[in-house]
Amino acid sequence: MGITARGVGLLVAAVVLLAVGFRFGYPELALLGAAAGTAVGYALVTAAWRPRLEVTRHAEPDRVARGEPAAMTLTVRNTGRLRAASLVAEDRCGGAGVPVPLLRLRPGRDTTVRYDVPTARRGVVPVGPLRVTRRDPLGLVALSRPYGGTVPVWVHPRIHPLTAVPTGAGRSLDGRVDAVPHGSITFDSLREYVVGDELRRVHWRTSARVGELMVRENVDTSLPRLVVLLDNRATAHPDRVEGVAESFESACEAAASVVTAAVRADLPVVLLLVAPEATGTTGFTAAGSGTAPLDRLAAAQLGENALDATLTRLRRDRPGDTLVVLTGPGGQGSLGRIGALRGAYPSVVVGVFGAARPAQATDLVVIDAVDGAAFAAEWDRVRRW
């Protein structure tokens, strides 16, 4: 609760008038002071009344590519029964405020406001909560309260179509990639039995040891597996324009393009970020499982240097056979360490964005590009995986 400048002035006047009136015996001044104090008290009681409002919001859509239109529909309903609400309200959309008219909102009635969500930049745009300000008729006291929660709008990087996907050494001999629901005869791991599993896949020896049915999980080794490594180190993208690293934005677009092309080709793909994310992890995320890769790319931010730990994990775990590394001008000095992964990955493709001069590397396919669209064009032209 906040007292306005007018309320502060009236409160000070009330105290002075009461003090002078009682001290020097002027009942008229004391009466004026009492009236001023009563007005401030009435303002406090009026502003303290909490209207009963129900706030619902719906994003249309809640996930868009950068630059595509998105809108938020906000509905405010007065669930009270006693009186109409005359309020001043403002919805938060990112870092800006959107005025919401709530004049004479009668009990049981609602009002709907629709406005555009800014999508000019990749990121997660938080929308809400609604801030409702209650004022007294004299403007002496103002009380602001939040209503409703916060709804995120995911602004994904732009996706540029790729006509070819690197397949490394995992391509089957006949040139086709077939979808095999339960894998091939190559054993991968054991998991608990679920209804619908074939009994011939039950591993009876392990089931007898652990006391519950365990099923063999096989993989199809003919399927090429892609690993997309996004270099989100702050040192890899040192150039800023109004606080935004354009080279990193281009790298995010390239990562989204490669992941989307792999998913459309039914190829296994995992996304890895160098610097720890907001969740504190840099773990592998497969497309179509867990957190969506495009959501991760929308929320990706520049962070600290964790390249050595990431390369060690890539060499140890080997989650794929083709590695696609996307970095900025500050990452050119790390190409030697990335090239050392050739022993673990038959194919390594590196995309460098925003560099002043072409990157120099041996035994690596290096694509120098100014943005995501140029990367996609050069990607389709090279085809040397």
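The values are calculated or read from the model by the stated rules, or taken from the named source; none is laboratory data. Owing to the predicted nature of the structure, the values given are computational and were not obtained by experimental measurement. So basically every Cβ, Gly included, is an ideal-geometry build from the backbone, and we count neighbours across all protein chains shown. Only protein heavy atoms, including side chains, enter the accessible area calculation; ligands, DNA and RNA are left aside. Shrake-Rupley method; radii C 1.70, N 1.55, O 1.52, S 1.80 Å.
Of the residues Arg50, Arg57, which is among the basic types (Lys, Arg) and either outside any strand (DSSP E or B) or within 30 Å of Val15 (Cα to Cα) (or both)? Give the derivation first.
Details: Arg57 fails: either outside any strand (DSSP E or B) or within 30 Å of Val15 (Cα to Cα) (or both).
Selected residue: Arg50, the only one of Arg50, Arg57 that is among the basic types (Lys, Arg) and either outside any strand (DSSP E or B) or within 30 Å of Val15 (Cα to Cα) (or both).
Taking the condition assigned to a loop (DSSP other than H, G, I, E, B), modelled with pLDDT of 90 or more and surrounded by 15 or more Cβ atoms within 10 Å (Cβ to Cβ), does Thr167 pass?
The answer is no for Thr167.
Would you say Tyr42 is over 49 Å from the mean Cα position of the chain (by Cα) and modelled with pLDDT under 95?
No, not satisfied.
Taking strands (runs of 3 or more DSSP E) that fall entirely within region 64-121, which contain at least 3 residues that are open to solvent by less than 80 Å² (accessible area, probe 1.4 Å) and of a type in the set (S, T, N, Q)?
Where strands (runs of 3 or more DSSP E) fall fully within region 64-121 and carry at least 3 residues being open to solvent by less than 80 Å² (accessible area, probe 1.4 Å) and of a type in the set (S, T, N, Q), they are 71-78.
When only residues in region 266-296 that are at pLDDT below 85, open to solvent by less than 50 Å² (accessible area, probe 1.4 Å) and among the small types (Gly, Ala, Ser) count, which is nearest to the chain's Cα centre (by Cα)?
Applying the filter and picking the extreme gives Ala292.
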